[in-house]
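Let me begin by presenting the structure, written as structure tokens, before commenting on it.
The values are calculated or read from the model by the stated rules, or taken from the named source; none is laboratory data. Note that the structure is predicted; figures quoted are calculated from it, not measured. Cβ: placed from backbone, ideal geometry, glycine included. Neighbour counts: every protein chain shown.
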Amino acid sequence: MDAKAAARECFQHARGGLIDLSHRIHAHPELGFEELHASRWLCEALSDAGFAVQSGICELATAFHARAGSGPLHVGICAEYDCLPGIGHACGHNIIAAAAVGAAIAAARVADDVGLTVSVIGTPAEEIGNAGGKILLLERGAFRGIHAAMMVHPAPLDLLRAKIIAASMFDVHCTGKEAHASAFPELGINAADALTIAQAAIGLLRQHIRPADRIHGIVTVGGAAPNVVPAHTAARYIVRSETLAQLAELRERVYRCFEAGALATGAKLEISGGDKPYAQMRHDTTLAALYRSNSEMLGRPFPPLGEWETRPTASTDMGNVSLVIPSIHPLLSINSLPAVNHQPEFAQHCISPDADQALCDGAVAMAWTCIDAASDRQARDALISATPAPA
């Protein structure tokens, strides 16, 4: 039996347990850095499969590292498992996590035969938008010695190289002064007005930004009572652009909109966060070509999708990994249209039969890509040479 057939056979033995794992994580959604159940379940599945597992790595309680094999090419498969507030696993991280475990188990079956070391990196808090788990793990050395990284992500359509752009999330706090809104309004400083002016300025700014730029946010604190001039208001915003350099320019322009609101009303302004933005995704050509071939062998091709291939999709801290380590981040169709990511209807699709099949296809395609990368000397040497030497 060749390596790919052996890996697929190994996956088939684990298939039922992996689908159960995906559904279990889906049924118990946990926010970023709070994924205690999901992290434990993933570690248990990998430990039971013979991986050497370290949990709570890099001072992050829900991060982990699981390793098998001892070959010269070291591939890291990233698992995400946090949910969205209010709508649970509406981005399908249950599928990402289970597919990562499945790919690693399948690849580990033949790792030493093909010259592979395979790791699963448990990366919490991808959805938080600033200082995500992968960024902190990168800074703290969790990816040191890894030559290639990969993950798959559920979506309405199959897409090999989604246009993933840079993003920065930050919090805004405006402080004014309370007063009776009817009897003594002249004695108040309206912090809600400061946010209103800022939002109007952002709306006007949108006609003068790049087509791929995105600005969106919510008011998290709007005041306490309608008969009290609001003294404390807050908002949370995300700014996105095609690259980190363009993002830095746009973010400063957006900050000035909030400064305008504070200046006009006399409120005090504080902006926090935004210090560890998500980077644009750089898809590695070698890995992408191998993954495409393996996905097509499984009957999951990547047909031309027109504007879907060029329109900005989303942002992820996997982008930060890709600027350091050769990486891929293919999208897996779960046949959800018209439902799309971050809708409650999409969450329902993430435990459908189509989602379960996507999990299986993504896991096997990643395992086979690991095997190809390790077996092909030219690909292996290119990946190893492209990765910075451990410090």
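Rundown of residues vs (1) surrounded by 17 or more Cβ atoms within 10 Å (Cβ to Cβ); (2) within 30 Å of HIS283 (Cα to Cα), yes/no style:
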site: ALA167; (1), (2): yes, yes
site: HIS173; (1), (2): yes, no
site: GLU186; (1), (2): no, no
site: ILE189; (1), (2): yes, no
site: ASP193; (1), (2): yes, no
site: ARG214; (1), (2): yes, yes
site: THR220; (1), (2): no, no
site: TYR237; (1), (2): yes, yes
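Within segment 9-48, the only residue that satisfies the criterion of being under 19 Å from ALA68 (Cβ atoms), of a type outside the set (A, V, I, L, M, F, W, C) and buried (at least 20 other Cβ atoms within 10 Å of the Cβ) is SER39.
Does GLU307 meet the test of being without any contact (Cβ under 8 Å) to a residue 12 or more places away in the chain and either in the same structural domain as VAL229 (by TED's automatic domain parsing) or of a type in the set (Asp, Glu) (or both)? Quick ask: steps written out before the conclusion?
Details: without any contact (Cβ under 8 Å) to a residue 12 or more places away in the chain: yes; either in the same structural domain as VAL229 (by TED's automatic domain parsing) or of a type in the set (Asp, Glu) (or both): yes.
Yes: the conditions hold for GLU307.
Please pick out the residue among THR265, THR286 that is over 30 Å from ALA373 (Cβ atoms) and surrounded by 14 or more Cβ atoms within 10 Å (Cβ to Cβ). Every option except THR265 fails the conditions. If I filter segment 4-53 down to residues being aromatic (Phe, Trp, Tyr) and in a loop (DSSP other than H, G, I, E, B), which single residue comes out as farthest from ILE351 (Cα to Cα)? The selected residue is PHE51. Can you tell me which residue is nearest to PRO277 (Cα to Cα) among those in segment 309-336 that are surrounded by fewer than 16 Cβ atoms within 10 Å (Cβ to Cβ) and modelled with pLDDT under 95? Going through the qualifying residues, I end up with ARG311.
Assuming ALA355 fulfils every condition listed in (1) under 23 Å from TYR278 (Cα atoms); (2) of a type in the set (A, V, I, L, M); (3) within 19 Å of the chain's Cα centre (by Cα) apart from one, which condition is it? All conditions are met except number (1). When ILE135, ILE121 are checked against the criterion of being touching a residue at least 24 places away in the same chain (Cβ under 8 Å), farther than 16 Å from LEU359 by Cβ, surrounded by fewer than 24 Cβ atoms within 10 Å (Cβ to Cβ) and not assigned by TED's automatic domain parsing to the domain that holds ILE215, a single residue qualifies: ILE135. Residues in segment 297-326 that are in a helix (DSSP H, G or I), of a type in the set (A, V, I, L, M, F, W, C) and within 18 Å of ASP284 (Cβ to Cβ): MET318, VAL321.
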